[in-house]
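Here the structure is laid out as C-alpha cells; the discussion comes afterwards.
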Amino acid sequence: MIDTHCHIDFEDFDDDRDEVIKRAKDKLDKVIVSGYSNQSNIDVLELSKDNEGFIYPTFGFHPVSSQNATDEEIKTAHKNIIKHLDDIVAIGEVGMDYFYVTDKSLRERQKKIFTGFLELANEYQKPIVMHVRDCEKKAVNIIDEYEDIPYFVFHCYGGSLKTAKRIMNMDNAYMSFSTMVCYSKQHQDLIEKIDLNYVLTETDSPYLAMTKEDRNEPANVANAVRKIAEIKNMDVNTVDKITTNNALKIFKI
C-alpha cells in the first residue's frame, strides 16, 4: 500500500515522527510527503533523504497560502522545483480552494498561481498533484489545455460524479481518496461508482483522522483500502494492487 499524500513534516509529528514512520514501514510500501510551502518543500526533501526508498517528496504551495504569498515567494517555489526536478516525484500540492476562499480577487490570484505551476509541470513534463476543493469542474476545464503534463492527480477528490466521469475520460487523470472514505457518505457514494483504475489512496495526515480529536498518520491508509474493498465488494488485496500500481506508474517510484 502507498500513502500518496501526507504532511508528516508538520510540527504535529515533531515529538514522535520516527515512530510514525516506523508504523508506516510496518504496513506500507512507500509514502509520498507533499510540500506545502517553500519551507515545507525543503523539509520534505530532507525527510526523503533520511528515508531513501520509502519516503518520496513533492514540491508545491498550498493555494490558501499562495494567494497571500509575494511574487518573489512564488518565484522561489518555481526555482526550487526546477533545481530539484530529479529529487521530486511530482509538483504539488498546488491548486485552488473555493471552500475557504470566496473573495473573487483572491480566487483569481489562486488561479493565476495555479496556472504558473501547471505551465511548469507542462514544460518539464512532471506529474501534478492538485488541491482543487469545491472547484473540481473548473480545474478540469483549466488542465485540459496542458498536453505535456504526464499525469494529473485530484488530491482528496470530493467533486461530483459527473466531473469524476470527465476525469476518467482523460486517461491520464486520477482521483485520490483519503481516510475520509471510512466515514464520509459523499466519498463512499463516489468510490462505489468510480473505476479503481483511476484511484489512488492517501491520508492527508495529520488531517482527516477518524475523529476530530485524533491525528491521522500514513499507516491509516490501510483503513481506506479496506473500506474501499468493502464498498466495492472486492478483495482487499485486489484493491491494494490496483491502487498501488496506479501510484507506481504516476510517480515512477
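The values are calculated or read from the model by the stated rules, or taken from the named source; none is laboratory data. None of the values given here were measured: they were computed from a predicted structure. Here the Cβ is made from the backbone with ideal geometry for all residues, glycine too, and neighbour counts use every protein chain on show. When the accessible area is computed, the model is the full protein with side chains, heavy atoms only, and any ligands, DNA or RNA have been set aside. Shrake-Rupley method; radii C 1.70, N 1.55, O 1.52, S 1.80 Å.
Quick check: pseudo-label points 7 Å beyond the Cα along Cα→Cβ at D26 and D71, how many nm apart are they?
Placing both labels 7 Å beyond Cα along the Cβ direction yields 5.2 nm.
Roughly what would the spin-label model give for R215 and N169, points 7 Å off Cα along C-beta, in nm?
So the label points at R215 and N169 sit 4.4 nm apart.
Which links in K83/K165; K227/K249; K104/K138; K162/K227; K30/K165 stretch past 26 Å when you go from one Cα to the other?
The answer is K83/K165; K30/K165.
Distance from the Cα centre of the stretch 28-52 to that of the stretch 58-110, in angstrom?
16 Å
Quick one: Karplus J couplings for the stretch 75-88, per residue in order, coefficients 6.51, -1.76, 1.60, θ = phi - 60°, nearest Hz, x for Gly and Pro?
Taking θ as phi minus 60°, the curve returns 4, 4, 4, 5, 4, 5, 5, 4, 5, 10, 3, 7, 8, 9 Hz for the stretch 75-88.
Which net charge results when you count Lys and Arg as +1 and Asp and Glu as -1 among the other residues whose beta-carbon is under 15 Å from that of C182?
Once positives and negatives cancel, what remains is -3.
What list of ³J(HN,Hα) values in whole Hz, one per residue of the stretch 50-67 in order, does the Karplus curve 6.51 cos²θ - 1.76 cosθ + 1.60 (θ = phi - 60°) give from phi, with Gly and Pro shown as x?
Each residue of the stretch 50-67 in turn: 6, 10, 4, x, 10, 9, 10, x, 10, 10, x, 7, 4, x, 5, 7, 5, 5 Hz.
Give the carbon-plus-sulfur fraction of the accessible surface of the chain in %, rounded to a whole number; probe 1.4 Å, heavy atoms of protein chains only.
Of all accessible area on the chain, carbon and sulfur atoms account for 44 percent.
Quickly work out the E230-to-K83 label distance, labels modelled 7 Å from Cα along the C-beta direction, and quote it in nm with one decimal.
4.6 nm
Can you compute the charge dipole magnitude of the stretch 162-230 about its Cα centre, using +1 on each Lys and Arg Cβ and -1 on each Asp and Glu Cβ, nothing else charged? Give it in debye, rounded to the nearest 20.
The dipole of the stretch 162-230 has a size of about 240 debye.
Counting only other residues whose beta carbon sits under 15 Å from that of R107, what net charge do I get with K and R as +1, D and E as -1? Write down the numbers at each step before the final one.
Numbers: positive: K104, R109, K111, K112, R133, K137, K138; negative: D97, D103, E108, D134, E136.
Charge balance in the 15 Å sphere: +2.
If R₀ is 22 angstrom, what is the calculated FRET efficiency for the pair Y146 and K112, using the beta carbon separation as r and rounding to 0.05?
About 0.90, to the nearest 0.05.
Report, by chain and number, residues whose modeled amide H sits under 5 Å from the one on A173, excluding near sequence neighbours (fewer than 5 apart, same chain).
HN-HN under 5 Å from A173: F152.
What residues qualify as long-range amide H neighbours of A90, i.e. H under 5 Å apart, gap of 5 or more or another chain, H built at 1.01 Å from N?
F59
Say R0 is 41 Å: what FRET efficiency, to the nearest 0.05, do E119 and Q186 get from their beta-carbon distance?
Calculated transfer efficiency: 0.80.
May I ask you to derive the FRET efficiency for S160 and L248 from their Cβ-Cβ distance with R0 = 30 Å, giving the value to the nearest 0.05?
Once the sixth-power term is evaluated, E becomes 0.60.
I'd like the Karplus ³J(HN,Hα) series for the stretch 131-138: coefficients 6.51, -1.76, 1.60, θ = phi - 60°, whole numbers in Hz, and an x wherever there's a Gly or Pro.
3J(HN,Hα) across the stretch 131-138, in whole Hz: 9, 10, 6, 6, 8, 4, 4, 4.
For the ranges 132-143, 231-242, what's the packing order if you count other beta-carbon atoms within 10 Å of each residue, average per peptide, and put the highest first?
Packing order, densest peptide first, comes out as 132-143, 231-242.
Where nothing but the Cβ of Lys and Arg (+1) and of Asp and Glu (-1) is charged, how large is the charge dipole of the stretch 8-164 around its Cα centre, in debye to the nearest 20?
Working: 20 positive and 31 negative charges, 128 e Å.
Computed about the Cα centre, the dipole is about 620 debye.
Quickly rank 53-61, 32-40 as a protection proxy: mean count of other C-beta atoms within 10 Å, highest first. Could you put the intermediate results ahead of the total?
Values: 53-61: 24.9, 32-40: 22.7.
Packing order, densest peptide first, comes out as 53-61, 32-40.
Under 5 Å between amide hydrogens, which residues at least 5 positions from T201 or on another chain qualify, with H placed 1.01 Å from N in the peptide plane?
T4, F177
Name the residue farthest towards the positive end of the dipole of the chain from the options G35, V140, L120, assuming +1 on Cβ of Lys and Arg, -1 on Cβ of Asp and Glu, about the Cα centre.
Positive-most Cα among the choices belongs to V140.
Order the peptides 122-131, 41-50, 163-172 from the highest to the lowest mean number of other Cβ atoms within 10 Å of their residues.
122-131, 41-50, 163-172
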